[in-house]
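The values are calculated or read from the model by the stated rules, or taken from the named source; none is laboratory data. Since the model is a prediction, treat every value here as computed from it, not as a measurement. All Cβ positions, even for glycine, are placed from backbone atoms using ideal geometry, and neighbour counts span all protein chains on display.
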Amino acid sequence: MKPYSQSRQNLLKNGYKANICPGGHEIPEKLPKDNEVAISPNLLKIANTGLNSAYFRPVNKRKKPHPVSYPLGFVEFFIKLLTVD
């Protein structure tokens, strides 16, 4: 956990205009409650260096490559987290 950024503190204090951001995410009328801390954006430290692997090279040569790809370590983390031995 880490303290809120100054911009987040300003939003909580001054409010903002509800809107839809360029990525299509809907920004609601009101921010969720003030929890006083934020989750670090890099909770999982996993390198995303596999995009030049034997699997992705032909995928990336297509006219429109797949828009989402996850590093193998990310997938492994959640498989281990959600699998019961």
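For this structure, a couple of remarks:
- The lone exception for ASP34 - which of (1) at pLDDT below 75; (2) exposed (fewer than 12 other Cβ atoms within 10 Å of the Cβ) it fails: (1)
- The selection criterion, being surrounded by 10 or more Cβ atoms within 10 Å (Cβ to Cβ), modelled with pLDDT of 70 or more and at positive phi, does not hold for GLU76.
- Residue in region 41-56 that is at pLDDT below 75, exposed (fewer than 10 other Cβ atoms within 10 Å of the Cβ) and assigned to a helix (DSSP H, G or I) present: yes
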